[in-house]
Amino acid sequence: MALRLGYRLQSNPLVAKLTTKYFLPLGTRQVGDDVVFFNFGYEEDPPLGLPLDPSDEANRYCIQLYHQTASQVDLTGKKVLEVSCGAGGGASYIVRNLGPASYTGLDLNPASIELCKEKHNLPGLDFVQGDAQNLPFPDETFDAVVNVEASHQYPDFPGFLKEVARVLRPGGHFLYTDSRRNPVVAEWESALAAAPLRKISERDIGQEAKRGLDANTRKSQEQIGRNAPAFVAGLTRYAVNFLDWDLRRGGGFTYRIYLFTKD
């Protein structure tokens, strides 16, 4: 849901702040604890076929996006931060499958953090409420920072990148995926190029994200429709349907996975 709302929010910081304070906590509490991912998803052709536990199968496409992002480096034994962890499903998957020593999920939405703490009780996993543009951690705290489909909402994206570099240890990695509307891709690229991080790799996953979206949309609408009040479900269906159409126009978005390091 974050991406579906974010493009309208990022141009108006006041609207973004009010939405985060009021609408998102309401929506988070109403969609139910069976919804643990808000991202689009990822699928290849032929299908990726990532091996999953039966309990994760319902969230296959969202998990595959997290896996493609986080597995760009070996996280075994690493101290990891996820900025904008949402409902915590990605954090839970990474802790259970990719072997970090510790994993901290941070989100601005206090309702998300509350639900994450209730839903995802795993050794080495903790959740903290905080701002992506003012991370509440000392310098050089983490070996890796993960950010999935959230940065388009940040009013100060360059400021976020500076914070990522600040909390990363030398040699640490920034594992990142997001999209932008094509008219602002050049601005996005310029901010990434100016960041105090070195780019190791970049991959366009537009087609894979669209396949994941197609596979996820019907399931997400059914889940939200079962749990949310009519007005919340209606707003969500409108946002989903509008952006689905927008993506299918072709050429509307650029979606990428990046790997950066801090020298």
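Accessible area per residue for the range 60-103 is 27 Å², calculated with a 1.4 Å probe on protein heavy atoms, without ligands, DNA or RNA. Quote the FRET efficiency, to the nearest 0.05, computed for Asn134 versus Asp45 with a Förster distance R0 of 30 Å and r equal to the Cβ-Cβ distance. Efficiency at R0 = 30 Å is approximately 0.15. Can you classify the range 68-168 as rounded, prolate or oblate using the Cα gyration tensor, where a ≥ b ≥ c are the square roots of its eigenvalues, rounded means a/c under 1.5, and otherwise it's prolate if a/b beats b/c and oblate if not? Oblate, since a/c reaches 1.5 and b/c is not below a/b. Just the protein heavy atoms count here, and of the accessible area of the range 92-215 at 1.4 Å, carbon and sulfur take up 49 percent.
Starting with the highest mean, order 81-92, 131-142 by the number of other Cβ atoms within 10 Å, averaged over the residues of each peptide.
Working: 81-92: 25.8, 131-142: 15.2.
Top to bottom by mean Cβ count within 10 Å: 81-92, 131-142.
Over all other residues within a Cβ to Cβ distance under 13 Å of Val128, the charged ones net out to -4, with Lys and Arg as +1 and Asp and Glu as -1. Taking 7 Å steps out from each Cα toward its Cβ at Asp74 and Lys117 produces label points 3.5 nm apart.
Multiplying the residue separation of Ser102 and Gln207 by 0.36 nm and subtracting their alpha-carbon distance yields 34.5 nm. Residues whose amide H comes within less than 5 Å of that of Cys85, counting only those at least five positions distant or on another chain, are Leu106, Asp107 (H built at 1.01 Å from N in the peptide plane). With a Förster radius of 30 Å applied to the beta-carbon distance between Ala186 and Lys162, the computed FRET efficiency rounds to 0.90.
Backbone geometry of the range 138-154 corresponds, through the Karplus equation with coefficients 6.51, -1.76 and 1.60 at θ = phi - 60°, to 3J(HN,Hα) couplings of x, 4, 6, 8, 10, 7, 8, 10, 10, 9, 10, 6, 9, 5, 5, 8, 6 Hz, x marking Gly and Pro.
What the Cβ-Cβ distance of Leu52 and Ala193 gives, at R0 = 35 Å and to the nearest 0.05, is a FRET efficiency of 0.45.
The values are calculated or read from the model by the stated rules, or taken from the named source; none is laboratory data. These figures come from a predicted structure and were not determined experimentally. Here the Cβ is made from the backbone with ideal geometry for all residues, glycine too, and neighbour counts use every protein chain on show. Quick note on the areas: whole protein, heavy atoms, side chains included, nothing else; ligands and nucleic acids left out. Shrake-Rupley method; radii C 1.70, N 1.55, O 1.52, S 1.80 Å.
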